[in-house]
């Protein structure tokens, strides 16, 4: 609907009942549906640090591009049951929204397209608009894409200023801070970890530890181990970025 109440456009989406799938029969591996927010913050921090540019593109109905390897069947849609074929079911060739492994099949399809095409970008110390255009053309040639253009510039000063405002709001103006102080005052030990890149936080966590310790020193080692795992994951991610 538009803001004046009139109809903008009609949209419909077929969503399968993936919760009925059985692991090891209907699917094997699964991926997260969306990227980790710490990954996005890491990329933004790199943009601020190296004075790069960000362009955003959206793959239209991305999960429908995936090819299914397993045999998956679904009931005919209510209201669209074929006459005299009521007893039949539909065999899926492509993945649908709602399947347990739609994200995995989409990423696999994307990798196959890139590898089979031999598409590569030139490695350079800065973002080149020609390479951005080359990537956009490649993606649009293989998938139905929506070009959302260049994102608002992110420089180091603005990045630091935004992070500073968020930290001030977190420590000075939150009315529910007493609740968290009360939680932290209990006899449980909590992990707290924070990872900085480009002068700003890109990953942080605060949660109750899953194991019981009998001293603060042991609790700190538990928190240190959890922080080490997160840092190792972020480091390996950075190694995959050619900067």
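The values are calculated or read from the model by the stated rules, or taken from the named source; none is laboratory data. Quick caveat, the model's predicted, so the values are computed rather than measured. Counting neighbours? That spans all protein chains shown, and the Cβs are built from the backbone with ideal geometry, glycine included.
When the stretch 2-19 is filtered for residues that are under 28 Å from the mean Cα position of the chain (by Cα) and part of a loop (DSSP other than H, G, I, E, B), the ones remaining, listed by number, are 9, 10, 11, 12, 13, 14, 16, 17.
Say whether the condition of being in contact with a helix residue (DSSP H, G or I) (Cβ under 7 Å, 6 or more places away or on another chain), under 30 Å from residue 50 (Cβ atoms) and modelled with pLDDT of 85 or more is met by at least one residue in the stretch 84-102. Checked against the condition, which is being in contact with a helix residue (DSSP H, G or I) (Cβ under 7 Å, 6 or more places away or on another chain), under 30 Å from residue 50 (Cβ atoms) and modelled with pLDDT of 85 or more, the stretch 84-102 yields no hits at all. Exactly one residue out of 102, 39 is within 16 Å of the chain's Cα centre (by Cα) and under 13 Å from residue 16 (Cβ atoms): that is 102. Of the helices (runs of 4 or more DSSP H) that lie entirely inside the stretch 132-242, those containing 2 or more residues that are at pLDDT below 60 span 156-172, 177-184. The set of residues in the stretch 20-42 that are without any contact (Cβ under 8 Å) to a residue 40 or more places away in the chain and in a helix (DSSP H, G or I) comprises 20, 37, 40.
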